[in-house]
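Structure first, then comments.
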Amino acid sequence: MSKVKEELRGAIKGRVLATKDSGYEEARQVWNAMIDRRPAVIVQCVQADDVPPAISFARKNRLELSIRGGGHNIGGYALCDNGVTIDFSRMRKVRVDAEKRRAYVEPGATLADLDEATQAHGLAMPVGINSTTGIAGLTLGGGFGWLTRKYGMTIDNLVSVDVVTAEGKKIRASANENGDLFWAVRGGGGNFGVVTQFEFQLFPIGPEIVAGLIVFPFNQAKQILTKYRQFVDSAPEELNVWVVLRKAPPLPFLPETVHGREVVVLPVFYCGAVAEADKLIAPLRDFGTPLGEHIGPQPYVQWQKAFDPLLTPGARNYWKSHNFTELADGALNSAIEFAGKLPSPQCEIFIGLIAGAPNRVAPNAMAYGHRDARFVLNVHGRWDEAADDEKGIGWAREFFKASAPYASAGAYVNFMTAEEGDRVAAAYGSNYERLVEIKRRYDPENVFHFNQNIKP
Ligand SMILES: Cc1cc2nc3c(=O)[nH]c(=O)nc-3n(C[C@H](O)[C@H](O)[C@H](O)COP(=O)(O)OP(=O)(O)OC[C@H]3O[C@@H](n4cnc5c(N)ncnc54)[C@H](O)[C@@H]3O)c2cc1C
């Protein structure tokens, strides 16, 4: 390994970690504890110029290559075994141009990094719901969260990317430059190159929004979900309401007798005028007999971290996901059935609402094409012990199968596990062929294949 270090260290300003170096073990941890990979070398970049030598080293030595943004990918694609990992955890800067309403984001930035920097100017953009997620992977696969109904997918707000190609060339892609590459990276994941900077457009948000949870008894689930389905059809896009079916965490606003029991949770988010929130949220309480609620004005950045305690790193996670245009009765019934047999207290079924701005974009406007999707279902299997893998994975797969007949076509690549490679073409639907063409142009040798791979 000393040869490795010598060769790379000379070319790289950041750190090059081989297996025995101090810091290596820490650097190979990712969010999902099921992933236990050991790259031969981890290149912790501190500048875009560190990327070309890392790619060229991997190619010359015929080593596997992986790219790490925030390390949250459920399939663990951030890390490869015995290869080179390009690690951006030391490149997390976010620069905001408040006048132009633009953010310039390094590829290791987390959602928290972005939210904090943009909210300092009263600005934000749609990202996910867990603040430790990486902007890079989230964006390259699509990205949705509380602001998505109003302002679209994360990818809808991308203005440009700086990319290092398989040949080690640094190029920019935007609507005006390398438009085909820009089309492909907006949903096509890390298949086309290594992104070293993202430029996003921003919107005025908060800094106070109204948000929180309303919790109902599980035996009212059917009635609540049916009313939810009807409610969201006409709710304004500033208002977002998701559904989470899970066992109640020991939240202080819930009676102790409910802790650890199945419940229906409606997470609520409103980014319009604070004074308007109450009357818009009120009808939700009449969906059933609430067990408790905790809703009120709060800083946007605080709500963006509200789910972090349930999504800490270190647990074993296995996900399955479908998109839905409508929530058919069968879909609701199967969600309720499987929420009634959760294999662990940390497992949950969530339905994210994305109806609104994303549906107004043409399906072929960019690689991410699920413009008919109004809901994203995530079957979130989560537990602590490897001995529980079979039970948890079995539950997630069974529910995935049971709910499949009601799903719309396609899949969200950011929620796909490593074994779902055969779903990639379906995930891109009619955009897949164009993606393959662009892949042939930018990465004919499939250097960037350790991902939900689009084969050249
Ligand atoms: C707890 C949790 C909550 C989540 N919530 C949401 C949510 O609300 N909304 C949502 O849309 N998604 C959500 N996701 C899914 C998330 O979008 C994906 O897991 C995404 O892949 C994470 O990106 P990352 O940079 O953290 O991951 P990584 O594992 O670092 O990277 C993911 C993929 O992107 C590639 N990649 C990373 N950086 C680059 C780069 N600079 N250039 C090229 N390719 C790169 C990697 O090679 C890998 O294939 C969540 C995930 C978790 C674990």
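Look at (1) outside any helix (DSSP H, G or I); (2) within 13 Å of the ligand (Cβ to nearest atom); (3) closer than 15 Å to residue 205 by Cα and you find that residue 162 fails only one, number (3). When restricted to residues that are exposed (fewer than 15 other Cβ atoms within 10 Å of the Cβ) and aliphatic (A, V, I, L, M), the range 342-392 contains 3. For residue 206, the conditions (1) away from the ligand (no atom under 12 Å from the Cβ); (2) in contact with a Gly (Cβ under 8 Å, 6 or more places away or on another chain); (3) open to solvent by less than 30 Å² (accessible area, probe 1.4 Å); (4) small (Gly, Ala, Ser) all hold with the exception of (3). Given the condition within 18 Å of residue 140 (Cβ to Cβ) and of a type in the set (Gly, Ala, Ser), answer yes or no: does some residue in the range 378-401 qualify? No: zero hits. Total residues in the range 122-153 satisfying the condition of being open to solvent by 10 Å² or more (accessible area, probe 1.4 Å), part of a loop (DSSP other than H, G, I, E, B) and under 12 Å from residue 202 (Cα atoms): the figure is 1. Against the list (1) under 19 Å from residue 197 (Cβ atoms); (2) in contact with a helix residue (DSSP H, G or I) (Cβ under 8 Å, 6 or more places away or on another chain); (3) within 12 Å of the ligand (Cβ to nearest atom), the condition residue 131 fails is (1).
Can you tell me how many residues within the range 410-451 are of a type in the set (A, V, I, L, M, F, W, C) and touching an Asp or Glu at 6+ places or on another chain (Cβ under 8 Å)? Number satisfying all stated conditions: 3. Taking residue 437 as the residue in question, decide whether it is of a type in the set (Asp, Glu), over 30 Å from residue 244 (Cβ atoms) and without any contact (Cβ under 8 Å) to a residue 40 or more places away in the chain. So residue 437 fits the description; yes. Restricted to helices (runs of 4 or more DSSP H) entirely inside the range 315-434, those with at least 3 residues that are over 20 Å from the mean Cα position of the chain (by Cα) are 329-339, 389-403. Could you say whether any residue in the range 307-323 is open to solvent by less than 20 Å² (accessible area, probe 1.4 Å) and more than 23 Å from residue 419 (Cβ to Cβ)? No: zero hits.
Can you name every residue in the range 409-454 that is within 15 Å of the ligand (Cβ to nearest atom), loosely packed, with under 15 Cβ neighbours inside 10 Å and at pLDDT 90 or above? Those that are within 15 Å of the ligand (Cβ to nearest atom), loosely packed, with under 15 Cβ neighbours inside 10 Å and at pLDDT 90 or above: none in the range 409-454.
Conditions (1) among the aliphatic types (A, V, I, L, M); (2) at pLDDT 95 or above; (3) under 20 Å from residue 12 (Cα atoms), marked per residue:
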site	(1), (2), (3)
38	no, yes, no
45	no, yes, yes
51	yes, yes, yes
56	no, yes, yes
67	yes, yes, yes
82	no, yes, yes
86	yes, yes, yes
89	no, yes, yes
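On the stretch given as the range 36-72, residues that are more than 14 Å from residue 82 (Cβ to Cβ) and of a type in the set (Ser, Thr, Tyr) total 1. Residues considered: 360, 285. Of these, the only one that is at negative phi and either touching a strand residue (DSSP E or B) at 6+ places or on another chain (Cβ under 8 Å) or within 15 Å of the ligand (Cβ to nearest atom) (or both) is 285.
Just one of the listed residues (279, 320) is farther than 27 Å from residue 116 by Cα and free of Cβ contacts under 8 Å to residues at least 40 places away in the same chain, namely 279. The set of residues from the range 39-80 being among the hydroxyl-bearing types (Ser, Thr, Tyr), near the ligand (Cβ under 9 Å from one of its atoms) and open to solvent by 30 Å² or more (accessible area, probe 1.4 Å) comprises just one member, 77. For first residues located in the range 291-302 and within 27 Å of residue 113 (Cβ to Cβ), partners that are of a type in the set (Ser, Thr, Tyr) and buried (at least 16 other Cβ atoms within 10 Å of the Cβ) and lie 6+ apart or on another chain with Cβ distances below 7 Å do not occur.
The values are calculated or read from the model by the stated rules, or taken from the named source; none is laboratory data. Note that the structure is a prediction, hence the values are computed from the model and not measured. For neighbour counting, all protein chains shown are included, and Cβ atoms are generated from backbone atoms with ideal geometry for every residue, glycine included. Each accessible area value is taken on the protein alone, full model and side chains, heavy atoms only, with ligands, DNA and RNA left out. Shrake-Rupley method; radii C 1.70, N 1.55, O 1.52, S 1.80 Å.
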